[in-house]
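Heads up, the thing below is written out as structure tokens.
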Amino acid sequence: MGSPISSSTTAATATDNAPQAQMLSVGLGERSYPILIGANLIDSTELLARHVPYRDVLLVTNTVVAPLYAQRVETALARALPGRRVVRAVLPDGEQHKSLASAGRLFDVLIGNRFGRDAAVLALGGGVVGDLAGFVAACYQRGIDLVQMPTTLLAHVDSSVGGKTAVNHPGGKNLIGAFHQPRAVIADTQLLASLPPRELSAGLAEVIKYGLICDVAFFEWLESHIEALRALDPSALAHAIHRSCEIKAQVVARDEREQGERALLNLGHTFGHAIESATGYQQWLHGEAVALGLLMAADLSRRLGQVSTAELARLRSLLLRAGLPVSAPSIGAARALEYMRVDKKVKAGRVRLVLMQGIGHALLSADYPDAALEATLSAWFDGDGAAAGASGSADAGVAR
Ligand SMILES: NC(=O)c1ccc[n+]([C@@H]2O[C@H](COP(=O)([O-])OP(=O)(O)OC[C@H]3O[C@@H](n4cnc5c(N)ncnc54)[C@H](O)[C@@H]3O)[C@@H](O)[C@H]2O)c1
Ligand SMILES: [Zn+2]
């Protein structure tokens, strides 16, 4: 890969316990921005003075995250720039609140406080808060600065980086949105300590995805460090987040608006969206649906002779060890295909899929035999897929 990324390690501050921050830079010309990764960064006066230098800040968070971290962030923000104004907006928890109505509430707060174009939005939360706060920052007065402080693993490695912001509409997820890159991403790994294990596993699905797309060595590293990650080992977490952000940042720097390569980041997602839609976004976390989507993409790739049975078994085993599901709900192949067709990736009537060419290489394809896709969908979604996935055999459900 090219080198739109620079990477360095800096002591965030000389005065407040000097947390170590690894820094990546997303290379987008004058809109380039740093991703800072490390433990206890949200307490660092110097880091916040440098990366959140705004007199007026709208701190957007939710009812779960606010009692855990909002006060700490506000205290550090006040120390970093005495006299500044921080207004806290706390949203209810949940994907259903990533809505135009919530955005409207935030606009009311911004306008009610007479925040100007020099104000900034600080998103403290998971992807829901980040996407919503980002959307509000993109629109308010045609765009004000945004700083992301992700608090879930998924947000650390995915949603906080890359500038996609959105809210949902009753007609579909993320239908209303804008590209709006943040000014900085402050990824404090210590915040993941309070995350429910199931949410941590969901984030690991996206981490595994990066290895599958373009880095077999990272995939191998994950095979030997997955337990350490689930145990929140600080250096393992920092490495996984750093490498994931590095891969995402490189892809975004080359294809910010998803004209081509950025679509590879959707590996597993078209299958995953079918599961999320068919189950009403209730039972399956996004990362869990993506995990199964990764397996299905690998299964289809195996049917096309691009992935070996052994590679498929390795992926299944890693997902299992990551605490992720490896069997599908019985939603039916025909219904799954319908949901896949309404996904944004349809072009000229064909579902474009991200497929694999071995572990560590992904490619976008509309050029696969329909029969192979149907066989994959049928194997996983027509009832026996679930049984096969649950059977415990490493390559069950795929060798048919
Ligand atoms: N913009 C993008 O590029 C992009 C990429 C991927 C996903 N997304 C979006 O991200 C959203 C999903 O994000 P998510 O998985 O972070 O879900 P989320 O924001 O709903 O967070 C998951 C749960 O964890 C809680 N939580 C958050 N941080 C916590 C912490 N530190 N301790 C304890 N609990 C905590 C939340 O309140 C929530 O209940 C979706 O809306 C998806 O569309 C966006
Ligand atoms: Zn995803």
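The values are calculated or read from the model by the stated rules, or taken from the named source; none is laboratory data. What you are looking at is a predicted structure, and each value in this text was computed from that prediction instead of being measured. Heads up, the Cβs are rebuilt from the backbone with ideal geometry, glycines too, and the neighbour counts pull from every protein chain shown. Protein only, heavy atoms only, side chains kept; ligands, DNA and RNA dropped before computing areas. Shrake-Rupley method; radii C 1.70, N 1.55, O 1.52, S 1.80 Å.
Give me the percent of accessible area attributable to carbon and sulfur for region 251-391, probe 1.4 angstrom.
Of the solvent-accessible surface of region 251-391, carbon and sulfur hold 51 percent.
When the Karplus curve 6.51 cos²θ - 1.76 cosθ + 1.60 is applied with θ = phi - 60°, which whole-Hz ³J(HN,Hα) does each residue of region 318-333 get, with x for Gly and Pro?
Each residue of region 318-333 in turn: 5, 5, 4, 5, 7, x, 10, x, 10, 10, 9, x, 7, 8, x, 4 Hz.
Measuring with a 1.4 Å probe in the full set of protein chains, what accessible area per residue, in whole Å², belongs to region 267-325?
Using a 1.4 Å probe on heavy atoms only, each residue of region 267-325 averages 27 Å².
For a quick check, take a GNM of the chain with Cα springs below 10 Å and name the residue from E246, E30, E206 with the largest mean-square fluctuation.
Among E246, E30, E206, the largest GNM mean-square fluctuation belongs to E30.
Probe of 1.4 angstrom, ligands and nucleic acids ignored: what's the accessible area per residue over region 139-235, in square angstrom?
35 Å²
Tell me whether region 259-392 comes out rounded, prolate or oblate; compute the Cα gyration tensor, take square roots of the eigenvalues as a ≥ b ≥ c, and use a/c under 1.5 as the rounded threshold. Mind showing how you got there, number by number?
On the way: a/c = 1.37, a/b = 1.10, b/c = 1.24.
Cα axes put region 259-392 in the rounded bin.
For q = 0.08, 0.10, 0.15 Å⁻¹, what log10 I(q)/I(0) does the chain give under the Debye formula with an equal point scatterer on each alpha carbon and no solvent?
Debye curve over Cα of the chain, log10 I(q)/I(0) at q = 0.08, 0.10, 0.15 Å⁻¹: -0.41, -0.64, -1.37.
Straight-line reach from K173: which aspartates and glutamates have Cα under 15 Å away, leaving out those fewer than 8 places along the same chain?
K173 reaches E95, D131, E276, D343.
Tell me, what is the Rg over Rh of region 278-319, with Rh the Kirkwood radius over Cα pairs? Walk me through the numbers on the way to the answer.
Details: Rg = 11.9 Å, Rh = 11.0 Å.
Rounded to two decimals, Rg/Rh equals 1.08.
Principal axes first, then extents: for the Cα atoms of region 147-242, list largest minus smallest coordinate on each axis, whole Å, largest first.
Result, largest extent first: 40, 27, 26 Å.
Need one number: convex hull volume per residue for region 134-181, Cα atoms only, in Å³.
Details: hull volume 3.7 nm³, N = 48.
Considering the Cα atoms of region 134-181, their hull volume per residue is 77 Å³.
In region 201-275, what trypsin sites (Lys or Arg not before Pro) fall in a loop by DSSP, with at most 12 other Cβ atoms inside 10 Å?
When the trypsin sites (Lys or Arg not before Pro) of region 201-275 are filtered for loop state and at most 12 Cβ neighbours within 10 Å, R257 remain.
For A375 paired with A217, estimate the spin-label separation in nm (one decimal), with each label point 7 Å from Cα along the Cα-to-Cβ line.
With each label point 7 Å from Cα toward Cβ, the separation is 3.5 nm.
What accessible area per residue comes out for region 80-125, rounded to a whole number of Å², with a 1.4 Å probe?
About 49 Å² of surface per residue is accessible.
How would you classify region 154-199 from its alpha-carbon gyration tensor, with a ≥ b ≥ c the square roots of the eigenvalues: rounded for a/c under 1.5, else prolate if a/b is greater than b/c, otherwise oblate?
Oblate.
Convert 37 °C to kelvin, take the viscosity as 0.692 mPa s, use the Kirkwood radius over C-alpha pairs of region 79-193 as Rh, and evaluate the Stokes-Einstein diffusion coefficient in µm²/s, rounded to a whole number.
Details: Rh = 14.3 Å.
Estimated via Stokes-Einstein, D reaches 230 µm²/s.
Could you work out what % of the accessible surface of region 47-206 is carbon and sulfur, using a 1.4 angstrom probe and leaving DNA, RNA and ligands out of the count?
After summing per-atom areas, the C and S share lands at 55 percent.
What does a probe at V87 reach in region 50-75, counting residues whose amide N is under 15 Å from the point 7 Å along Cα→Cβ?
55-61
Of the beta bridges DSSP finds with both residues in region 34-172, what % are antiparallel, to the nearest 5?
Counting only bridges with both partners in region 34-172, antiparallel ones make up about 5 percent.
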